[in-house]
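Asks: Take this structure first; my questions come after.
Nothing in this text is a laboratory measurement; each read-out follows from the coordinates by a stated rule. As the structure is a computational prediction, the values presented were derived from the model and not from experiment. A quick note on method: Cβ atoms are made from the backbone with ideal geometry, for glycine too, and the neighbour counts reach across all protein chains shown.
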Amino acid sequence: MSCHTRLCITGIVHPHTIRKSHISHLIFSILPMRLQVVVIVSLLALSLSPLARADGGPALLKHPFQVGERLTYEISWFRITAGTAVMEVARIENEKGRSLAKLVATAQSRPLITKFFPVDNRVESELDLIALVPEHMTFRRREGKKKEDIEYVFHQKEGTVTAVRGGITESLPIPAGTQDIISCLYYARSVLPMKPGASLTMNVYHDKKNRPVEVRVEDVETLGSPWGKVETARVLVIMPFHGLFMNQGNIRVWITTDARRVPVRMKAKVVIGSIVADLVSGAPVENAIK
């Protein structure tokens, strides 16, 4: 029986009775899918800010994110800092003149946790900046002794995705506008009104399944950030995935209400307590109150 199963069966367990390896496993076993979706789906936006062209010409598109954006988060559980997650937007040089960007999300364990359960995950997604849909996603998963490489090639016009996993290649159907676990963030950032009561449902393809993910804006709150207090929207992300998370993995995210729509905190309940990801560095937001 796994440590997760034992914890679920026994119910309430004091955190000091759990071995460090259990802590790291609890936190990082969900990072590849869960944390990346937390970080990505949670960046929601209505207002837009410019994205410059590689040739220095006028911007063709406007989005809340910009090439060069880099956001760093500390991941903690019961105030134990267990790891770091980074999200960034990189430019893709395209000979055909198409508007593309590379979205990169990484998650790494801290040295103390690495001794018991090393984690070094990386997800990359090539995003069409016109249609805001993914074209190609790779997932380099390194957790403990588990090593896995996953690749998805999205054929949006044909309504299929080519998935390569474990040496097996197969073509599977997808609905129009399907997102991956990174691109869904940037899609939501660009289309969801940041008003209490607003909602959005999108299809996210992951692990050979099409999964509906609903996002709801609950309220507006003031929250601390690396730059001071900021106005944020508290957003509920309703996840259909089962596992360690209660209520099928629902997550709450606090996103700034300025034009950049930066998530400053993400929180998800687990079998014991909550996992929290706090923003620790990135470009200052516009509505910070010193």
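Asks: Read phi for every residue in the range 195-201 and hand back ³J(HN,Hα) as whole Hz from Karplus 6.51 cos²θ - 1.76 cosθ + 1.60, θ = phi - 60°, with x for Gly and Pro.
Replies: Taking θ as phi minus 60°, the curve returns 10, x, x, 5, 8, 8, 10 Hz for the range 195-201.
Asks: Net charge near T201: determine it from the other residues with C-beta under 13 Å of the C-beta of T201, scoring Lys and Arg +1 and Asp and Glu -1. Spell out each step's value before the answer.
Replies: Numbers: positive: R211, R216; negative: E214.
Overall, the nearby charge balance is +1.
Asks: Would you order T106, T201 from fewest to most other beta-carbon atoms within 10 Å of each residue's own beta-carbon?
Replies: On the way: T106 18, T201 10.
The order, fewest Cβ neighbours first, is T201, T106.
Asks: Still on this model: Kindly write out, for the range 105-110 in residue order, the coupling ³J(HN,Hα) from the Karplus curve 6.51 cos²θ - 1.76 cosθ + 1.60 (θ = phi - 60°), rounded to whole Hz, with x marking Gly and Pro.
Replies: Residue by residue, the range 105-110 yields 10, 10, 9, 9, 7, 6 Hz.
Asks: Another question about this same structure. If every alpha-carbon in the range 69-112 counts as one equal scatterer, what log10 I(q)/I(0) does Debye give at q = 0.15, 0.27, 0.30 1/Å?
Replies: Per q value, in the given order, log10 I(q)/I(0) is -0.50, -0.91, -1.00.
Asks: Hey, fewest Cβ within 10 Å first, where do S99, S281 land in order?
Replies: Numbers: S99 17, S281 11.
Least to most surrounded, the residues fall as S281, S99.
Asks: Within 10 Å, count the other beta carbons around each residue, average over each peptide in 210-219, 131-140, and list them highest first. Please report the intermediate quantities before stating the final value.
Replies: Values: 210-219: 16.6, 131-140: 19.2.
Highest mean packing first, the order is 131-140, 210-219.
Asks: Measure off 7 Å from each Cα along the Cα-to-Cβ vector at N203 and V280, then give the distance between these two points in nanometres to one decimal.
Replies: 3.9
Asks: Follow-up. Which of the aspartates and glutamates could a cross-linker bridge to K102, judged by Cα under 12 Å and excluding same-chain residues fewer than eight apart?
Replies: E69, E88, E93, E124, E126, D128, E135
Asks: Given N residues in the range 112-236, what is Rg(Cα) / (2.2 N^0.38 Å)? Numbers along the way, then the final one.
Replies: Details: Rg = 17.5 Å, N = 125, 2.2 N^0.38 = 13.8 Å.
The range 112-236 yields a ratio of 1.27.
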